[in-house]
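I have placed the structure first, in the form of structure tokens, so that the comments after it can refer back to it.
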Amino acid sequence: FGRLLVALVLVGFSGGAERWEAIGKYELGRHFRDELARYIPVPPDDIEPHGAAIALFREVWELEQGGEVTAIRRNARVLVHEWRDQYGITEDYRRIVRAVEAALKVKDAVAGLSSEELATQYLFPTIDEEIATRLITDVTSESADWDRIRRIASTRSTSYWVREESGRLRAMYGVIIGFVDFQRAVATIDIPAGTAGGSAGDFVERYVSEFSRVDRLFRTTLAAYAEAGSPGTLSPVIERLEGRYTHTWLQRLSEAWDAYRRAAGAEVLATVPRQRSFFNSVVASYLQRCDK
């Protein structure tokens, strides 16, 4: 039934009626309408292909928004999920959803819902686009709730539309999550003042085991930004990221390291691996194992 309905709905949205007329020609119309009435609260004789998809998705959307749970709505949700997950008709499903989304004016409707209300809805791609846009605004606020932002972004980053359709959206959520983790790391990692943290070698060990996490988060967030296509909507996030990294994190780190360097003098050079030896001491061993 699902495949047949998809075929009829696609024709209905394109303005054709040949397949629907064929059902009547072979006297299957009554049976089909009776079956469809299990999913749509409309008298069977009033159902047509074009309106069937709109009515079907409206029922599921009402359910996602906390509407009354009815047998028809439960049936509709099962059928929609079968379309999406089982029939292997992903492209057709996308076309139908986009057409229904426009017909139901979903973009206008979601503008009036809170982020918490939207966070429980997964039916339309516009919902994820709206959530991502709001989180970008929230994450640059001085009173940002990091736990809330990260929780929503992490949950939405694995939703159907982000996973299946949009690498851009997935990368945008990656920027949001990376920025939150970066902010937390900068705020919580304690860099000792002066030489209170031990020797220069101890400081290097702490950089490797702890401080370097900030540098890694900075770079992975920038990588996600590039993957998203460097959209202007993310510019405020990236500006804050780069400003905090340069003027807060690097300044603290360089001042602490300079104190060790001044205290240890030439001896500090003997305890710290040279950057120019990185390839031979680290990368070469991996390449040798790969050759084997």
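The values are calculated or read from the model by the stated rules, or taken from the named source; none is laboratory data. Just so we're clear, the structure is a prediction, and the values are computed from it rather than from any experiment. Cβ sites come from the backbone with ideal geometry, for glycine too, and all protein chains shown count toward neighbours. Accessible surface areas use protein heavy atoms only, side chains included; no ligands, DNA or RNA. Shrake-Rupley method; radii C 1.70, N 1.55, O 1.52, S 1.80 Å.
Where does each of 108-117, 183-192 land if you order them by average Cβ count within 10 Å, highest first?
Top to bottom by mean Cβ count within 10 Å: 183-192, 108-117.
First compute the accessible area of region 103-166 with a 1.4 Å probe, then give the percent of it belonging to carbon and sulfur atoms.
The computed percentage sits at 47.
Kindly rank 257-263, 171-177 from highest to lowest mean number of other beta carbons found within 10 Å of each residue.
Descending mean neighbour count gives 171-177, 257-263.
Measuring with a 1.4 Å probe in the full set of protein chains, what accessible area per residue, in whole Å², belongs to region 65-205?
Result: 46 Å² of accessible area for each residue.
For region 190-265, with all protein chains present and a 1.4 Å probe, just round the carbon and sulfur fraction of the accessible area to a whole percent.
On the way: 2180 of 4170 Å².
Carbon and sulfur together cover 52 percent of it.
Grab the other residues whose beta carbon is less than 12 angstrom from that of SER212, score K and R as +1, D and E as -1, and report the net.
On the way: positive: ARG206, ARG213, ARG216, ARG219; negative: GLU205, GLU210, ASP215.
Every neighbour counted, the sum reads +1.
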